[in-house]
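Scroll down for the structure; my scribbles are underneath it.
The numbers here are math on the coordinates, done by the rules we state, and not lab data. Only a predicted model underlies this, so the values are computations on that prediction, with no experimental measurement involved. Cβ coordinates were reconstructed from backbone atoms using ideal geometry, including for glycine residues, and neighbour counts include every protein chain displayed.
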Ligand code: UDP
């Protein structure tokens with residue numbers, strides 16, 4: 001089949017996961033990170049930050065003209081965000097499934113949004129939605145030197161290397 005044009009091999013696929021300000025205020029950071037750890041993904045970048053209006057506008061460039069954008073901006077800049085880069089086989093698609101539907105009312109139980117949220121404007125977490133999106137967002141949120149290249153000791157048991 002068609003292979004990605006990216007230089008990252010499949011097992012090295014990376015995605016941006018961010019715990020939004022409601023998730024930080026509600027002390028959900030640990031539980032959210034635990035889900036990615038226990039699934040078998042590898043943490044390669046992690047930081048807490050105050051998101052600027054400029055970063056948010058670039059991150060959500062596809063939503064800038066939406067009527068809800070001003071309230072989305074207020075929400076996302078209202079407090080700290082915990083941004084992470086997770087790596088592993090098919091991590092982008094699997095993370096979207098783990099995070100659940102954008103609207104928590106449609107998110108399955110067992111997903112982060114389905115377990116921890118009730119309203120689309122306070123849906124706790126962000127996950128990149130495509131290979132292109134993930135690469136763009138990781139570059140936007142992290143400097144290259146903030147991403148660690150390390151081998152996890154259980155790698156051969158979670159995925160063919
Ligand atoms: N959002 C919102 N109201 C809407 C749609 C989206 O407040 O009607 C917010 C919500 O926080 C969502 C974010 O905008 O997570 C980005 O929307 P997108 O459609 O990209 O969904 P996601 O990729 O986060 O599932």
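Name the single residue, out of those in region 99-109 being in a loop (DSSP other than H, G, I, E, B) and within 12 Å of the ligand (Cβ to nearest atom), that is surrounded by the most Cβ atoms within 10 Å (Cβ to Cβ).
Restricting to residues being in a loop (DSSP other than H, G, I, E, B) and within 12 Å of the ligand (Cβ to nearest atom), the top hit is 100.
Let's see how each residue does on (1) more than 14 Å from the ligand (Cβ to nearest atom); (2) part of a helix (DSSP H, G or I):
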| residue | (1), (2) |
| --- | --- |
| 67 | no, no |
| 70 | no, yes |
| 92 | no, yes |
| 97 | no, yes |
| 114 | no, yes |
| 126 | no, no |
| 135 | yes, yes |
| 138 | yes, yes |
| 151 | yes, no |
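Would you call residue 68 surrounded by fewer than 16 Cβ atoms within 10 Å (Cβ to Cβ) and more than 12 Å from residue 17 (Cβ to Cβ)? Show your work before the answer.
Working: surrounded by fewer than 16 Cβ atoms within 10 Å (Cβ to Cβ): yes; more than 12 Å from residue 17 (Cβ to Cβ): yes.
When the stated conditions are applied, residue 68 passes them.
So, in region 30-62, how many residues would count as being part of a helix (DSSP H, G or I) and more than 17 Å from the chain's Cα centre (by Cα)? Selection size over region 30-62: 2.
Got a number for residues in region 140-149 being within 14 Å of the chain's Cα centre (by Cα) and either part of a helix (DSSP H, G or I) or more than 16 Å from residue 84 (Cα to Cα) (or both)?
Residues of region 140-149 within 14 Å of the chain's Cα centre (by Cα): 140-142.
Filter once more, keeping what is either part of a helix (DSSP H, G or I) or more than 16 Å from residue 84 (Cα to Cα) (or both): 140-141.
Residues that pass the stated criteria total 2.
The residues of region 72-90 that are more than 16 Å from the chain's Cα centre (by Cα), surrounded by 14 or more Cβ atoms within 10 Å (Cβ to Cβ) and more than 9 Å from the ligand (Cβ to nearest atom), listed by number, are 73, 77, 78, 79.
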